[in-house]
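A quick write-up on the structure given underneath.
The values are calculated or read from the model by the stated rules, or taken from the named source; none is laboratory data. Nothing here was measured: the structure is a model prediction, and the numbers come from that model. No Cβ is skipped: glycine too gets one built from the backbone with ideal geometry, and neighbour counts run over all protein chains shown. SASA here: full protein model, heavy atoms, side chains in, ligands and nucleic acids out. Shrake-Rupley method; radii C 1.70, N 1.55, O 1.52, S 1.80 Å.
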Amino acid sequence: MTAVALKGLLGRKLRSVLTGLAIVLGVAMISGTYILTDTINRAFTNVFNVSYRHTDATISGRQFVSSAHSSIPTVPASVLRKVRALPDVAAASGSYLFDTVTLVDRRGQTIAGGGAPSLGFGIEPSQPRFNPITLTSGRWAEGPRQVVIDTATAASKHYKVGDTIAAKGDGPIKSYTVVGLGKISGVSIGGATLAVFDVPTAASILNKSGYDNISVAAKPGVSQARLAAEIKPLLPAVAEVRTGGQQASHEAAQVTAGSSVIKYFLLAFGAIALFVGAFVIFNTISITIAQRTRELATLRTLGASRRQVLRSVMLESFVIGLAASVVGLFAGLGLAKGLNAVFVALGVNLPQTGTVLAGRTIIVSLLVGTIVTLAAGLFPAIRATRVPPISAVREGAVLPASPHARRRPYVAGAVILLGLAVIVQGLFASSGAGSVLMLLGFGTLMLFIGVALVSSYVVRPLVSVVGRPARALGGAAGRLAVANSVRNTGRTAATAAALMIGLALIAFVATLGAGLSNSVKDALGKQVKADYVLTPSSSGNMSFPTQTASALAGAHGVEVVSAVRSDQANVFGASTSVGGVDPATIGAVYRFAWKNGSDAAIAHLGDGAIVNSNYATNHHLRVGSRFTLEAPSGATRQETVIATYDPPQADPVLPSVVISQEAFDRTFPTPHDAQAFVKVGGGPTAAMTAELNRAVTAYPDAKIQKRTAWMTAQGQSFAQVLDLFYVLLALSVIISVFGMINTLVLAVFERTRELGMLRAIGMTRRQMRRMVRHESVVTALIGAALGLPLGVLLAALTTRALGSLGIGFHLPGQELAYFVLLAVVAGIGAAVLPARRAARLNVLQALQYE
């Protein structure tokens, strides 16, 4: 039976290849995801290993607040003198590593874009062992107006040694002479930029006292652990020591946590692709089994047992799955490059190094692809065992109906209800994010399966609607196509179900995105009453220097400028966002929706804090309650709740805890502004906008926008994410198109004699192609008719669950119309190969075909 199975596969090469393509694409997504994220992780690991390869111990500021967005205190300069005096220390150097310093080109535009970091370094030229940058030309910067930049920036922006380039840290733009070019060896830093200064210049441009890091080298024979133990007693409470290896691992772990998010995000889409592929394989193998009824019956007549038939069909599935998984594994190498190109196109240029193909990637890819194929082929294989031997001598023998067929509608209904119940449970669950995502994923899976099971019962009524254009415009070919669509409703439903999943998810994303966008714009409009808003110019920056808002205050026509500081602090044992506002100006630009308090409370901000009402409820706070706030420097401050307010939860402008700007600046070590609001005389005009832009020319890391433009931009901030979702979901649509091609090719094969008779009685090749094309479009429109309402339903349930956050439901009619058009295009594309195959049939050979 093994030989029979393998010979059968070789005899059906085209069908085997088309079946395997569904798995190839799904496995390629999984393989490409692992390859991309492993490559990114190695790139980051290499950066930090290179940075600390000659460092035995590193002293850095202690992170009192466990948040990636909180500031970290510097190490006092006095610590460096004490460390250098230790007997086991060979050398020590204070430095600034991986800070933010923005390079600005000749046109005044920031060079790093799309969220890529602008990295600034302050190093001692006399201590090259601690320098993570490799000099490729020129010399190291020494002096207040010298800088070394990265080779990629020099090449792309046409800078060379001796040119002048602008840069800024925590202050206005200053000009520097490029005295050298450098790079981090062994890794591409993507779209990031490097700016390397000497230590005093870096301290000045970053507006810092003390050091970010003190790098220490031990004398020969002294271990890293021993050196770290000697240093530890010398350190103040704001500093901590790690060995060089520990510091490299610590910083790599912090950065690569982001790539883990990317990995699981992309793997989810790989799972969707494989799920769609399982539908395609199930349908293809089912059709193949139905067409091989006489062949299988003959095997039974010759003595093959049911178990042998089952094993034969499962062996075919195994071979297809394994071969497709191997192809998909290596296709993932190319897809990883494609995914990286997608991120670059969306403005996220990730660091790269040599491609990483880990053993885990190989094992997971092969196992997942093979198991999914075997699972999809199991039920068709079981059906194959039910072929009675007598079918071998019957003309037009068909597979016997399943004894459980009558129960199918009830099973489908139960699965749909179970899926909806699990989705609702997930949406309204109060458990962790991981549990919620698992519930939503499982519920959606059940819902799709349930709809697919019941879809064969709705094919006829759907075809009567979506088939009208074919009947009206397609002539006899169109009418035949519509009739063919309902000839085998189970097959048509299974083919449409694959497309249904992709379109349902696309409709869900579009509908939810439209609701989020509109809700955010409404929320911002209710809060901000300023004419202009000053924000960071890049999505990679969370803040800008406090001097930026001060520069706006001096512009002609400006009446009020109110900046909002922001940082993280420990409150009630958790990281909490804290804002600092000016009590004298915030009321003129921000509208507080008071729950317990009034505008009079703003004047008393120096005596306490205004707290978001939801935050107050969650922590049992009321007016008069006291709580402790621990800043990133370790400093603590007692605060009293003087009022609570109830901002829209869709996008609250102010942080959970709001204190006075004066108190904020005393408590947080490096205050920065998250945004600033500007009120002008006479309202926003083109002249006023130009005046404000001139005022912030020296601060290109911030941008000024009209309030309406800012609200629109915030609402459209989801557009980039939606574009990424569409690109990734397109893979499932492509797989479903292969499923449609498969079904149509097999249908042409199955109806060979019928097609020959149609040609014999006068149907032209053109009419034959039109018939197949109409049949494909009708099938695609059935998928759209099932998928789009299902996606809208899922979005409606989600927005209902998010109603407490101010997220509303918004139906994107135009986008849904585009998705219907996408289904039509998919149907036309899927019909190209089968239509040509049908039109080229030899009439005489087709009439003799059995």
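Which one is surrounded by the most Cβ atoms within 10 Å (Cβ to Cβ) among residues in the range 752-781 that are among the basic types (Lys, Arg) and under 14 Å from LEU844 (Cα atoms)? Walk me through how you get there before you give the answer.
Going through the range 752-781, the residues among the basic types (Lys, Arg) turn out to be 753, 759, 765-766, 769-770, 773.
Next, only the ones that are under 14 Å from LEU844 (Cα atoms) stay: 753, 759.
Numbers: ARG753: 15, ARG759: 21.
Filtering first and then ranking leaves ARG759.
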Practice problem: Report, by residue number, each residue of the range 643-664 that is at pLDDT below 90 and acidic (Asp, Glu). | Solution: ASP651
Practice problem: Could you tell me which numbered condition ARG383 fails, if it satisfies all but one of (1) at pLDDT below 80; (2) closer than 23 Å to THR19 by Cβ; (3) open to solvent by less than 20 Å² (accessible area, probe 1.4 Å); (4) in a helix (DSSP H, G or I)? | Solution: (3)
Quiz item: Quick one: is SER185 outside any strand (DSSP E or B), out of contact with any strand residue (DSSP E or B) (no Cβ under 7 Å at 6 or more places or on another chain) and small (Gly, Ala, Ser)?
Solution: no
Practice problem: Scan the range 705-717 and give yes if some residue there is within 30 Å of PHE544 (Cβ to Cβ), β-branched (Val, Ile, Thr) and touching a residue at least 60 places away in the same chain (Cβ under 8 Å), otherwise no. | Solution: yes
Quiz prompt | Of the criteria (1) under 36 Å from the mean Cα position of the chain (by Cα); (2) at pLDDT 85 or above; (3) of a type outside the set (Ser, Thr, Tyr); (4) open to solvent by 50 Å² or more (accessible area, probe 1.4 Å), which one GLN716 fails | solution = (2)
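To keep it simple, each residue is scored yes or no on (1) at pLDDT below 85; (2) of a type outside the set (S, T, N, Q); (3) open to solvent by less than 40 Å² (accessible area, probe 1.4 Å).
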| position | (1), (2), (3) |
| --- | --- |
| GLY303 | yes, yes, no |
| THR353 | yes, no, yes |
| LEU367 | no, yes, no |
| PRO389 | yes, yes, no |
| ARG406 | yes, yes, no |
Quiz item: Could you say whether any residue in the range 317-330 is among the hydroxyl-bearing types (Ser, Thr, Tyr), at pLDDT 80 or above and touching a helix residue (DSSP H, G or I) at 6+ places or on another chain (Cβ under 9 Å)?
Solution: yes
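Hand me the list of strands (runs of 3 or more DSSP E) wholly inside the range 561-642 holding 1 or more residues that are open to solvent by less than 50 Å² (accessible area, probe 1.4 Å), of a type in the set (Val, Ile, Thr) and modelled with pLDDT of 90 or more.
Strands (runs of 3 or more DSSP E) meeting the threshold: 574-581, 609-612.
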Quiz item: How about the range 191-222: which of its residues are open to solvent by less than 60 Å² (accessible area, probe 1.4 Å) and among the small types (Gly, Ala, Ser)?
Solution: GLY191, ALA192, ALA195, ALA202, ALA203, GLY210, SER215, ALA217, ALA218
Quiz item: When ALA676 is evaluated against the numbered criteria (1) in contact with a strand residue (DSSP E or B) (Cβ under 8 Å, 6 or more places away or on another chain); (2) part of a helix (DSSP H, G or I); (3) small (Gly, Ala, Ser); (4) modelled with pLDDT of 85 or more, which criterion, by number, is the only one it fails?
Solution: (2)
Quiz prompt | Selection count, the range 523-553, where residues are open to solvent by 10 Å² or more (accessible area, probe 1.4 Å), part of a loop (DSSP other than H, G, I, E, B) and modelled with pLDDT of 90 or more | solution = 2
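Could you check the range 308-345 and list, in sequence order, the residues that are basic (Lys, Arg) and either in contact (Cβ under 8 Å) with a residue 40 or more places away in the chain or not in a helix (DSSP H, G or I) (or both)? Quick ask: steps written out before the conclusion?
So the first thing to find is which residues in the range 308-345 are basic (Lys, Arg), and the list is 311, 337.
Correct list: ARG311 only.
Quick check, is ARG694 of a type outside the set (A, V, I, L, M) and crowded, with 18+ Cβ neighbours inside 10 Å? Even if it seems obvious, please write down each step before you answer.
On the way: of a type outside the set (A, V, I, L, M): yes; crowded, with 18+ Cβ neighbours inside 10 Å: no.
So ARG694 does not fit the description; no.
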